[in-house]
Amino acid sequence: MTFLPDAGYVPTAEDRASLDAWFAEYDEQSAKRNVQSMADMAVFPLNLVSDDAAGNGRSAQWDREQYVATMTQVMGDGSEEITFESTRTPVFLSPAMVVVFSDSTMTTEGRSWRLRYADILVRRDGRWAFQTMIQGGWGDNL
């Protein structure tokens with residue numbers, strides 16, 4: 001039996017702080033429904049992985065235009081306040097790649113929804129950007 005070398009990357013305090021700051025900014029832009037700013041925080045083409053209403057796994061790639069159009073439709077007109085409370089578990093694969101598992105509660109107009117999703121982010125030129133979104137229930141939009 002061959003054992004692979006220990007390949008786990010241990011993030012630095014700066015890695016964690018920069019990732020936390022990225023998510024704080026993304027959540028702020030989401031709460032404001034500032035879809036263009038949200039798109040500025042992505043790498044396109046953006047990979048999406050989900051499932052559809054029939055229970056089939058789906059995947060797609062979106063360009064910026066499709067991301068903006070879909071997120072604008074999904075997020076509504078912005079007349080109601082949205083808040084997010086999230087617990088995130090990052091798994092750093094390297095200093096430039098991280099998979100983040102999120103358990104989040106989105107609240108608007110007194111109603112709350114629990115969400116579970118994962119994002120893959122890459123660091124380019126010192127800045128994080130999301131490159132893959134993974135969440136159930138989006139497949140019919142793909």
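The values are calculated or read from the model by the stated rules, or taken from the named source; none is laboratory data. Owing to the predicted nature of the structure, the values given are computational and were not obtained by experimental measurement. Note: ideal-geometry Cβ built from the backbone for every residue, glycine included; neighbour counts use all protein chains shown.
Restricting the search to the stretch 24-78, which residues are acidic (Asp, Glu) and either more than 14 Å from Trp138 (Cα to Cα) or in a strand (DSSP E or B) (or both)? Once the filter is applied, which keeps residues that are acidic (Asp, Glu) and either more than 14 Å from Trp138 (Cα to Cα) or in a strand (DSSP E or B) (or both), the stretch 24-78 yields Glu25, Asp27, Glu28, Asp40, Asp51, Asp63, Glu65, Asp77.
Answer yes or no as to whether Trp113 is of a type in the set (A, V, I, L, M, F, W, C), over 30 Å from Thr12 (Cβ atoms) and free of Cβ contacts under 8 Å to residues at least 60 places away in the same chain. Spelling it out, Trp113 is indeed of a type in the set (A, V, I, L, M, F, W, C), over 30 Å from Thr12 (Cβ atoms) and free of Cβ contacts under 8 Å to residues at least 60 places away in the same chain. Under the condition of being among the charged types (D, E, K, R), more than 18 Å from Ala24 (Cα to Cα) and outside any strand (DSSP E or B), which residue from the stretch 79-114 is modelled with the lowest pLDDT? Here the residue is Glu80. All of (1) at pLDDT below 95; (2) surrounded by 13 or more Cβ atoms within 10 Å (Cβ to Cβ) hold for Gly76 with one exception: (2).
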